[in-house]
Amino acid sequence: MRKRTLTGIKPTGEMHLGNYLGAIRPALALAEEHDAYYFIADYHALNGIKDANALRDYAKSVAAAWLACGLNPTNTCFYRQSDVPEVHELTTMLMAFSAKGLLNRAHAYKSAVEQNIMDNRDPDYHINMGLYTYPVLMAADILIAQADLVPVGYDQKQHIEMARDIAEAFNHAYGEELLKLPSPYFAQQSQVVVGLDGRKMSKSYGNVIPLFASDSQLKKLVNRIQTNSQSIDEVKDPDQCNVFSLYKSFANAQEIEALAERYRQPGMGWGEAKQALFLRLNEELTPIREQYAYWMAYPEKMEEILMDGASRVRALAQEQILRLKEATGLR
Ligand code: ADP
Ligand code: TRP
């Protein structure tokens with residue numbers, strides 16, 4: 001049987017290069033040789049976004065982004081999490097196997113608590129149960145489809161481990177492998193894609209290069225990537241440079257070596273490295289940008305694709321729920 005790959009992206013903001021390199025590009029490469037299940041994690045987004053129009057717009061934009069980057073809806077099941085109610089039935093079942101102590105240790109929850117304490121607030125200030133139980137819903141997303149591989153950025157490592165822990169607790173209770181243990185798939189050579197300021201590229205840090213920036217915006221942003229203050233005459237270390245680190249994700253082996261060589265010789269200024277990065281980036285992103293504009297102009301086509309994807313994944317999800325209900329005695 002072909003292995004299954006599954007991943008989700010939350011519609012919480014503008015898509016950026018971190019999402020593209022960490023999740024979308026590797027996921028689309030995996031879809032060539034796996035049965036692929038890719039979805040919009042809209043219930044996960046609801047934890048933070050309470051503006052209906054914003055949520056709708058972000059979801060539309062995530063759908064268009066996947067399609068623009070090349071998702072083929074005939075061989076990939078592409079859907080919205082909220083159109084698959086079986087995910088929520090499974091979430092409720094998994095709650096009974098999710099230790100509270102496990103969820104206490106989840107990074108996102110823990111850092112929200114720590115931030116509240118630092119700000120002299122009640123530790124639970126602004127923390128909803130959706131955030132607290134986030135890893136259980138994510139486990140259900142994955143386990144409903146018996147996924148083997150989950151392409152994500154490194155920041156999601158703990159969530160996949162938790163999905164495995166919860167699945168193991170479930171399997172252990174019934175003495176059989178009812179739920180398949182998923183493995184993460186990290187594509188990035190460096191663990192995270194770095195943003196303009198050298199920290200992890202993230203919407204929450206405001207340091208992103210948006211996937212759909214125009215060429216002039218892209219050029220401006222590339223020029224803003226932080227570098228050190230070495231002069232043009234000094235030799236430079238490519239492995240300590242944010243510009244080079246992004247370049248590696250867009251160029252081929254020969255080009256990478258050629259630019260590394262320029263770094264190691266005197267006479268290369270940051271402007272030259274940034275221009276090389278801009279050209280590579282723009283070459284890969286221009287067709288994607290055009291496709292994105294196309295899909296955004298045809299929301300009804302996207303809707304059709306998503307509804308078709310939901311009905312396909314639901315067929316499989318219903319079988320899974322039935323099996324689990326029998327195994328647990330719910331039926
Ligand atoms: P953000 O941190 O901007 O809120 P999300 O949490 O919505 O991004 O991430 C969606 C997907 O993109 C996840 O698989 C995540 O691991 C991946 N991702 C996000 N930022 C990066 C990054 N800087 N490097 C690698 N992968 C990333
Ligand atoms: N938690 C992921 C993120 O923040 C999104 C997500 C939700 C997901 N469900 C998933 C990723 C299932 C992979 C598999 O980016």
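The values are calculated or read from the model by the stated rules, or taken from the named source; none is laboratory data. The model shown is predicted, which means the values in this text are computed figures rather than measured ones. Cβ: placed from backbone, ideal geometry, glycine included. Neighbour counts: every protein chain shown. When the accessible area is computed, the model is the full protein with side chains, heavy atoms only, and any ligands, DNA or RNA have been set aside. Shrake-Rupley method; radii C 1.70, N 1.55, O 1.52, S 1.80 Å.
If we keep just the residues of region 162-206 that are farther than 17 Å from residue 140 by Cα and of a type in the set (Lys, Arg), which is farthest from the chain's Cα centre (by Cα)? It comes out as 199. The single condition among (1) of a type outside the set (Asp, Glu); (2) part of a helix (DSSP H, G or I); (3) within 13 Å of ligand 2 (Cβ to nearest atom); (4) in contact (Cβ under 8 Å) with a residue 24 or more places away in the chain that residue 204 does not meet is (4).
Can residue 212 be described as under 17 Å from residue 63 (Cα atoms) and touching a Lys or Arg at 6+ places or on another chain (Cβ under 6 Å)? Break it down stepwise before answering.
Working: under 17 Å from residue 63 (Cα atoms): yes; touching a Lys or Arg at 6+ places or on another chain (Cβ under 6 Å): yes.
For residue 212, the condition - under 17 Å from residue 63 (Cα atoms) and touching a Lys or Arg at 6+ places or on another chain (Cβ under 6 Å) - is met.
Taking region 128-183 as the region of interest, the helices (runs of 4 or more DSSP H) fully inside it that hold 3 or more residues being out of contact with any Ser or Thr (no Cβ under 9 Å at 6 or more places or on another chain) and more than 13 Å from ligand 1 (Cβ to nearest atom) are 129-132, 157-174.
Against the conditions (1) over 27 Å from residue 264 (Cα atoms); (2) at pLDDT 95 or above; (3) open to solvent by 60 Å² or more (accessible area, probe 1.4 Å), residue 224 satisfies every one except (1).
Of all the numbered requirements in (1) out of contact with any Leu (no Cβ under 8 Å at 6 or more places or on another chain); (2) surrounded by 14 or more Cβ atoms within 10 Å (Cβ to Cβ), residue 283 misses one, and that requirement is (2).
Selection over region 100-159 of residues that are closer than 15 Å to residue 43 by Cβ, of a type in the set (S, T, N, Q) and open to solvent by less than 40 Å² (accessible area, probe 1.4 Å) gives a count of 1.
Does at least one position in region 70-90 carry a residue that is of a type in the set (Lys, Arg) and without any contact (Cβ under 8 Å) to a residue 60 or more places away in the chain?
Applying the first criterion (of a type in the set (Lys, Arg)) to region 70-90 yields 80.
Still in the running and without any contact (Cβ under 8 Å) to a residue 60 or more places away in the chain: none.
No; the residues of region 70-90 include none that is of a type in the set (Lys, Arg) and without any contact (Cβ under 8 Å) to a residue 60 or more places away in the chain.
Condition check: crowded, with 17+ Cβ neighbours inside 10 Å and within 16 Å of ligand 2 (Cβ to nearest atom). Does residue 182 satisfy that? Yes; evaluated as a whole, the condition is true for this residue.
List the helices (runs of 4 or more DSSP H) that sit entirely inside region 1-81 and contain at least 3 residues that are away from ligand 1 (no atom under 14 Å from the Cβ) and open to solvent by less than 30 Å² (accessible area, probe 1.4 Å).
52-68
Only one of the numbered conditions (1) polar (S, T, N, Q); (2) modelled with pLDDT of 95 or more; (3) more than 17 Å from residue 210 (Cβ to Cβ); (4) open to solvent by less than 70 Å² (accessible area, probe 1.4 Å) is not met by residue 254, and that is (4). Residues of region 286-309 being free of Cβ contacts under 8 Å to residues at least 12 places away in the same chain and surrounded by 13 or more Cβ atoms within 10 Å (Cβ to Cβ), which ones? Those that are free of Cβ contacts under 8 Å to residues at least 12 places away in the same chain and surrounded by 13 or more Cβ atoms within 10 Å (Cβ to Cβ): 301, 303.
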